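Chemist: The structure's right below; bear with me while I get my questions together.
Every read-out reported here was derived from the displayed coordinates using simple, explicitly stated rules and does not represent laboratory data. This one's a predicted model, so the numbers in the text were calculated from it and none came from an experiment. Glycine also receives a Cβ, built like all others from the backbone with ideal geometry; neighbour counts cover every protein chain displayed.
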Amino acid sequence: MPARLIDGKAIAASIRERLAVDVATFRQATHRIPKLAAVLVGDDPASQVYVRNKEQACTKVGMASDVHRLPSTTTQTQLLELIARLNADSDVHGILVQLPLPKQIHETTVLDAVDPLKDVDCFHPENVGRMVQGRPRFLPCTPHGVQVLLRESGTTVDGAHVVVLGRSEIVGKPVGMMLVQKGETANATVTICHSRTKNLAEITRSADILIAAIGRPEFVTADLVRPGAVVIDVGINRLGDRLVGDVAFAAVSEVASAITPVPGGVGPMTIAMLLENTLTAAKLQSVAAQ
Ligand code: NDP
């Protein structure tokens, strides 16, 4: 029987509806508008699309958004100066530095410079540390999106074996850390795999929930999936004029019990979680200012 589709687009839309109400309540109570400042360095076409989508999503839920576009020749010092200005600007609640950055800029140095209270991507070591300790200030957007998809699709995570393909700081590691926590839609037994993992197929076939985040088009074929597993595809890859995930969708759909599509799965959830973090940041800063 073909897998049930986990509709990230619809779930994200209902989150945005709820957020629009929460933003209106916040604006009425504080007379302040939650604002996201996005920083885009260079002219990477995919990054331009991502930033534009995030900007439009902010506006739709009643938040403000500024995009700071800098040339690809920007120096690290210039970028750090902009981050310092945004940190000091009390009208800006969330700061997002779109990755990747040009080669002359050290990514970690820049991400570490973002005020942890404005770190809506949850990349700052203070926020990552808090998340790992189970007392998060913000949750990282894509991993949080994955967790909400699992919850909303009624997937049992408690006690399940979750296999994560990929160990990046943005997706693989944090999603593993979140699902192993004590708590709701968590308590999983997590295995994180990467390019040096031995017997990969054996491990993936033991997964109740398989999360693919490796950036390899349609890498996960049906033989890597246990019949009845839930498959979450984080990958976004361009294959000719098509966008495909890290999972061979049609074939895996015949084996899995539930699966996310690409596009329309994790992608819209990432943006919804970013909006949620921006509202959280505005609330935290309005409390801090009192
Ligand atoms: P990275 O390139 O940073 O990390 C890829 C990870 O996959 C690495 O840990 C790498 O291992 C591992 N890997 C690569 N090849 C293999 C293999 N053959 N077998 C096992 N592991 C492998 O990618 P990201 O985490 O940033 O992104 C992953 C995908 O998710 C991309 O397609 C990206 O576009 C997408 N993405 C989607 C988002 C969304 O909102 N939907 C948000 C962020 C990313 P090693 O560490 O050993 O090199």
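Chemist: State, as an integer percentage, the relative contact order of segment 143-215 based on alpha-carbon contacts under 8 Å between residues 6 or more apart.
Modeler: On the way: 118 pairs, mean separation 29.1, N = 73.
Reported relative contact order: 40 percent.
Chemist: So how strong a dipole does the chain carry about its Cα centre when Lys and Arg Cβ are +1 and Asp and Glu Cβ are -1, to the nearest 20 debye?
Modeler: Numbers: 29 positive and 29 negative charges, 47 e Å.
Dipole size: approximately 220 debye.
Chemist: Mean separation of Cα pairs under 8 Å and 6+ residues apart, divided by the residue count of segment 30-118: what relative contact order is that in percent? Write down the numbers at each step before the final one.
Modeler: Working: 121 pairs, mean separation 34.7, N = 89.
For segment 30-118, the relative contact order is 39 percent.
Chemist: Based on Cβ point charges of +1 for Lys and Arg and -1 for Asp and Glu, what charge dipole magnitude is obtained for segment 141-267 about its Cα centre, in debye rounded to the nearest 20? Each step should come with its number before you reach the end.
Modeler: Values: 11 positive and 12 negative charges, 75 e Å.
Computed charge dipole of segment 141-267: roughly 360 debye.
Chemist: Ranked highest first by average number of other Cβ atoms within 10 Å, how do 52-58, 66-72, 32-38 line up?
Modeler: The packing order, highest mean first, is 32-38, 52-58, 66-72.
Chemist: Continuing with this model, one more query. Report the equivalent ellipsoid semi-axes for the chain in whole Å, largest first, defined as the square roots of five times the eigenvalues of the gyration tensor built from alpha carbon atoms. Don't skip to the answer; put the middle values down first.
Modeler: Details: eigenvalues 208, 89, 65 Å².
Largest first, the chain gives 32, 21, 18 Å.
Chemist: Among bridges DSSP assigns within the chain, what percent are antiparallel (round to 5)? List each step's numbers first, then the result.
Modeler: Values: 3 of 32 bridges.
DSSP beta bridges in the chain are roughly 10 percent antiparallel.
Chemist: Something else: Which residue, chosen from 125, 104, 47, occupies the Cα position most advanced towards the positive end of the dipole of the chain, where the dipole is computed from +1 (Lys, Arg) and -1 (Asp, Glu) charges on Cβ about the Cα centre?
Modeler: Positive-end residue among those listed: 125.
Chemist: What does the charge count near residue 185 come to, summing +1 for each Lys or Arg and -1 for each Asp or Glu among other residues with Cβ under 10 Å from its Cβ? Can you show the working numbers first?
Modeler: Details: positive: 151; negative: 152, 158, 184.
Every neighbour counted, the sum reads -2.
Chemist: Now, a different point. What is the distance in Å between the Cα centroid of segment 127-186 and that of segment 258-290?
Modeler: 14
Chemist: Which Rg and Dmax, in Å, describe the Cα atoms of segment 1-119?
Modeler: In order Rg, Dmax, the Cα atoms of segment 1-119 give 16.7, 56 Å.
Chemist: Which number do you get for Rg(Cα) / (2.2 N^0.38 Å) in segment 155-290?
Modeler: Taking the Cα Rg and dividing by 2.2 N^0.38 Å, one obtains 1.14.
Chemist: Which ordering of 106, 144 is given by a fewest-first count of other beta-carbon atoms within 10 Å? Intermediate results must be reported in sequence, preceding the final value.
Modeler: Values: 106 13, 144 24.
By the 10 Å Cβ count, ascending, the order reads 106, 144.
Chemist: Show me the GluC sites (Glu not before Pro) within segment 197-290 that DSSP assigns to loop and that have at most 14 other Cβ atoms within 10 Å of their Cβ.
Modeler: Numbers: sites: 202, 218, 254, 276; in loops: 218, 254.
Qualifying residues, ordered by number: 254.
Chemist: What's the local net charge at residue 37, with K and R +1, D and E -1, over the other residues with C-beta under 10 Å away?
Modeler: Working: positive: 35, 85, 118; negative: 66, 89, 91.
Net of charged neighbours comes to 0.
Chemist: Run the numbers on the chain and let me know its relative contact order in percent, using alpha-carbon pairs under 8 Å that are six or more apart.
Modeler: On the way: 572 pairs, mean separation 62.6, N = 290.
Contact order relative to length: 22 percent.
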